[in-house]
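For reference, the structure is listed below as structure tokens.
Just so it is clear, none of the values below were taken in a lab; they were calculated from the coordinates. Since we're looking at a predicted model, the values are computed, not measured. In this analysis, Cβ positions are derived from the backbone assuming ideal geometry, glycine residues included, and neighbour counts consider all displayed protein chains.
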Amino acid sequence: MAVGLIKPVIQKLLTVASTSTTATSAIFAIPIADSYSFYLNATAATGTLDVVFLTSIDGGTTFVNIPWRFATNTAVTTCAVLNVRSGLGNVNDVALVTGNGSPTAATGVALALSPCVDPQNMKITYTIGTGPYAFTLNMVAWPRGSAAGID
């Protein structure tokens, strides 16, 4: 196994403070990695918050919902965590976990199926019901790589 791994990438993706609204973020990039942890830190919470991720299917012009979604937050100041993988290969890639519904819906329980994404063209869409709501979205990824060592 490789002795030296590259450091994890930790970055703030966006900050939102809003009243009742449905909106889509600006485009952001994430590093190329096998897996990601997204942290949704709600610092002011009234009502509900639904967050779903989108990726581009044509280099940044057209965006589609992907099955990375936080469970609906209901007026709780908390830090929700969503651990996901990029690419295909685990058991849940071919079917939805029971009870998760449509992978394209922007509300409901958390989804963390493993789609292929364009890491340079990512967005989130969020719906705040009876806000105000304030949250930050942060990401931690640990790309595979080796600075030294032999596998």
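Here residue 62 and residue 29 are evaluated by their C-beta separation; at R0 = 25 Å the FRET efficiency comes out at 0.90.
Label-to-label distance for residue 7 and residue 71 is 3.4 nm, based on points extended 7 Å past Cα in the beta-carbon direction. Across region 60-66, coupling constants 3J(HN,Hα) worked out from phi with the 6.51/-1.76/1.60 Karplus curve, θ = phi - 60°, read x, 9, 10, 10, 10, 5, 10 Hz, and Gly and Pro carry x. Each of residue 88 and residue 22 was given a label point 7 Å from its Cα along the Cα-to-Cβ line. The distance between the two points is 3.0 nm.
Spread over its residues, the convex hull of the C-alpha atoms of region 30-87 is 102 Å³ per residue.
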